[in-house]
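The values are calculated or read from the model by the stated rules, or taken from the named source; none is laboratory data. Given the structure is predicted, the values throughout are model-derived calculations rather than measurements. Positions of Cβ are backbone-derived with ideal geometry, glycine not excepted, and every protein chain shown enters the neighbour counts.
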2 protein chains.
Amino acid sequence: MSRARVTIVDLARELGLSKTTVSDALQGRGQVAATTRERVREAADRLGYVQNRAARSLRTRTLGAIGLYVPPRVRSFAFYMEFAMGAVRGAAALDADLVLFARDQEHAPRPFAVDGAIVVDPLPDDPILRLMAEQRLPVVAAGRPLGDPLPQVDAVIEAPHARLLRAVLDDLRAAGRRRPALLAWDRDFASSWSSDVQATYRAWCAEHDVDVRLQTLPVSSHPHELRAAVEALVTPEVDALLCAPQSLAGRSRATLLRLGRDIGADLDLVSLVGDPTTEIGEPAITCVDVDPTAFGHEAALLLGEVLAGRTGEAPVHREHAGRVRRSARLRAVLGDD
Amino acid sequence: MSRARVTIVDLARELGLSKTTVSDALQGRGQVAATTRERVREAADRLGYVQNRAARSLRTRTLGAIGLYVPPRVRSFAFYMEFAMGAVRGAAALDADLVLFARDQEHAPRPFAVDGAIVVDPLPDDPILRLMAEQRLPVVAAGRPLGDPLPQVDAVIEAPHARLLRAVLDDLRAAGRRRPALLAWDRDFASSWSSDVQATYRAWCAEHDVDVRLQTLPVSSHPHELRAAVEALVTPEVDALLCAPQSLAGRSRATLLRLGRDIGADLDLVSLVGDPTTEIGEPAITCVDVDPTAFGHEAALLLGEVLAGRTGEAPVHREHAGRVRRSARLRAVLGDD
DNA sequence: TTGAAAGCGCTACCAG
DNA sequence: CTGGTAGCGCTTTCAA
């Protein structure tokens, strides 16, 4: 690799100082004379000094990195990609790198070289979580952990999915819709979000004496299977279609047109995970917008708090705000908010 | 953080061995008796030993991690997200973690704690590349570096975009299309891919005496702007629409229907960056499929070769295969290929 | 305001 | 097959 790196000892020798002073000067620590500090800085630049992070880590017992684990079953979801990008920014704010883990297929796992980790939608049997527990790694769960027994984590952050879905259903009802149908992932996409959505829909239907029109799909469905599901679910009497999978609402428009439905007129279309490029900002579609980037950012900052010991002993639960972005029609009927 | 970690010295004392033997036993190094190895393993498990990666890194001068830098201008593109996931898998194959960098907004950048890095579509003025050069970090560029002077990297991997686009244009021509139009990103998405696509389209048009029908879009366009661009570009005589931005072809279907176009019959639709969830496998759309996950995977493995010194001194250039997936109509006319 | 010494936990090297 | 020694580059502590 890179040969003959310059170390603080080299700088110290060059300047006739001790390595302590050089280190303090470079890190803005201790009581170093301003002139000395300047000389050290200049020499560091001149000789191309680069701090050795491994040595620093060994001494300080911090790695300056946090980890993110996105389970394989959702890795292809754009939502979590955006989440990851937000987490990177959050990590940067903590002065840390973000390490992406792909330990699912590893046989002899090495220890995690991070100070803590974010785990997306933990399941009880996630081996990664067991490994993290064994290594006593502080963990923040993004999405409520599922399963029995509950995976033990230091903090949870999640969006108020149930409340947002209820808000949407109430909006639709207030705008005159009586037969909302839901297209959701089936149980091979296990997450608190997925189960909250289905449970909430069923509960709301029961409360409002509305028939449950629910169709579930495997995560790996092909486009024509999605289309078939839409066609099967959207019978003529259905007057609102809620799509749980991100960007499915947007993708269903052509199918709905072909079915002779006029979106906005005789059918309201809702995306429960608004896709920024195809759905959010699209006046024909009502979107639940959880802003995954902001979500990832907040998850990272929450992990920062955990690492700083600012959250105390008990597990913390935090909510990440989300909002409903009404379609043009709903705005016309119900107003802007 | 984690208190009172067990070290190999603890294990050595516990077992009455030297720390060398313990270390060798744990790492499968040296000539350690099988029984000894077993005893060490057992004790490690029992006491909850976790290797200290910082100490190991300090000693071996390797971090066991590679970096990935995706420039902010393309961070929201699903393509690069998939690429990142492939890179994670490639890193795992190298027994390394993958670190995501977000150094673009950092003021006082710390040294990179990685052994090498992948940089997506490097630009000449990318400050990250300068930092990497200063730290003598081995770099693989995914996408040919652009600019003058050329950013200096150790290896380049890219897909044969020009060839693939020519193949598509030739296919369309062979299938009877005479007026293909191209919808592309404008220059605020600077990349070798973007410029290759536009230059190749223009060159092909000149060679075949075909009018250039090209419209460019800012990366940050809203859905209605995309729609307007499609409407402006697809005049009645246009008989093929090529969309450079990923998933734009899929999103244009509703617009094209509304324009009265019958996809497959009087218009061929092509996605130059096939989106796996909306375009690839969709019989109405011809896709250039670069398989971003495989691309990321190969980029990581190439970086592995660079790090192992297997590529020699001169910069390496490698191609990542891509393929054209013909629509049902093109397959009917031209065969499966 | 500066410096000397110690040591973080590990692996490389070499001697037994 | 096993162990002793040295030292990776840094920060911490405490003495000057």
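For the residues B:Ala92, B:Ala87, B:Ala78, B:Ala96, the requirement of being surrounded by 22 or more Cβ atoms within 10 Å (Cβ to Cβ), at the interface with chain A (Cβ under 7 Å from one of its Cβ atoms) and either within 30 Å of B:Ala141 (Cβ to Cβ) or within 28 Å of the chain's Cα centre (by Cα) (or both) singles out B:Ala78. Taking only region A:19-43 into account, find how many residues are outside any helix (DSSP H, G or I) and within 8 Å of DNA strand D (Cβ to nearest atom). Of the residues in region A:19-43, 2 are outside any helix (DSSP H, G or I) and within 8 Å of DNA strand D (Cβ to nearest atom).
Mind listing whichever residues of region B:247-263 are assigned to a helix (DSSP H, G or I) and either outside the structural domain of B:Pro276 (by TED's automatic domain parsing) or touching a residue at least 24 places away in the same chain (Cβ under 8 Å) (or both)?
Listed by number, the residues that qualify are B:Leu248, B:Ala249, B:Gly250, B:Arg251, B:Ser252, B:Arg253, B:Thr255, B:Leu256.
Among residues of region B:15-35 being of a type in the set (A, V, I, L, M, F, W, C) and surrounded by 13 or more Cβ atoms within 10 Å (Cβ to Cβ), the one that is farthest from DNA strand C (Cβ to nearest atom) is B:Leu15. Does A:Leu146 fit the bill of being modelled with pLDDT under 95, of a type in the set (A, V, I, L, M) and farther than 18 Å from A:Val234 by Cα? The answer is yes for A:Leu146.
Residues that are surrounded by 13 or more Cβ atoms within 10 Å (Cβ to Cβ), more than 19 Å from the chain's Cα centre (by Cα) and farther than 22 Å from B:Tyr69 by Cβ within region B:287-327 comprise B:Arg325, B:Arg326, B:Ser327, listed in sequence order.
Find the strands (runs of 3 or more DSSP E) located wholly in region B:176-243 whose residues include 1 or more that are basic (Lys, Arg) and under 30 Å from B:Asp126 (Cβ atoms), and list them.
Working: elements: B:180-185, B:214-217, B:240-243.
By residue number, no strands (runs of 3 or more DSSP E) qualify.
Could you list all residues from region B:119-136 that are surrounded by fewer than 22 Cβ atoms within 10 Å (Cβ to Cβ) and in a loop (DSSP other than H, G, I, E, B)?
Matches in region B:119-136: B:Leu123, B:Pro124, B:Asp125, B:Asp126, B:Gln135, B:Arg136.
Only residues that are of a type in the set (S, T, N, Q) and not in a loop (DSSP other than H, G, I, E, B) were counted across region A:264-284, and they come to 1.
Any residue that is within 10 Å of another protein chain (Cβ to nearest Cβ), more than 16 Å from DNA strand C (Cβ to nearest atom) and free of Cβ contacts under 8 Å to residues at least 24 places away in the same chain - is there at least one of those in region A:53-73? There is no residue in region A:53-73 that is within 10 Å of another protein chain (Cβ to nearest Cβ), more than 16 Å from DNA strand C (Cβ to nearest atom) and free of Cβ contacts under 8 Å to residues at least 24 places away in the same chain.
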